[in-house]
Amino acid sequence: MPPVPQQHGQAGPSVWQKMKMGAVMGGGVGLTIGFIFGSWSIIRGGAGPRGFMATLSQYMLSSAATFSFFLAIGSVIRSDALIPPHLQAAQMQLLSHSPLVSSKAQGLRLMKARWEAEHKCRSSTQA
């Protein structure tokens with residue numbers, strides 16, 4: 001499915017909104033993972049003295065709390081850039097295509113000039 005085109009006149013979600021969205025997504029993932037691992041643990045080792053529902057809910061809630069905490073923090077850290085991610089990618093692409101040396105011959109000339117400058121510097125300090 002192609003991404004939804006963004007309109008230039010509207011601002012993106014705030015950091016608070018991104019944090020809430022990360023927490024909700026983490027909660028959903030955590031509940032699912034907690035259900036899977038809690039069910040497996042109950043099937044494998046029994047429900048324990050507290051019963052099936054209490055044990056399963058403890059697995060689910062602890063997993064949901066952990067996932068939501070870390071995904072909320074991760075979504076804030078990810079959105080902490082000064083410029084939007086698509087502009088950062090364009091900037092990196094432009095910077096990577098501007099080579100310092102355009103040809104092998106130019107690189108060889110630059111290297112020889114640096115060697116000669118270093119040789120002159122060493123010979124002047126030894127004398």
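Listed by chain and number, the lysines placed with their C-alpha closer than 23 angstrom to that of K112 are K104, K120; residues fewer than eight positions away on the same chain are left out.
Per-residue packing, averaged as other Cβ atoms within 10 Å, sorts the ranges 47-55, 27-35 into the order 27-35, 47-55, beginning with the highest. Overall shape: prolate for the stretch 14-80, with the ratio a/c of the largest to smallest alpha carbon gyration tensor axis at 1.5 or above and a/b above b/c.
By the beta-carbon count within 10 Å of each Cβ, the least crowded to most crowded order of L94, L71, fewest first, is L94, L71.
Exposure proxy ranking for S103, S62, S57, based on other Cβ atoms within 10 angstrom of each Cβ and starting from the fewest, stands as S103, S62, S57.
All of the numbers you see were taken from the coordinates with simple rules; none came from a lab. Since the structure is predicted, the reported quantities are computational estimates derived from the model, not experimental observations. Glycine gets a Cβ as well: all are built from the backbone with ideal geometry, and neighbour counts include every protein chain shown.
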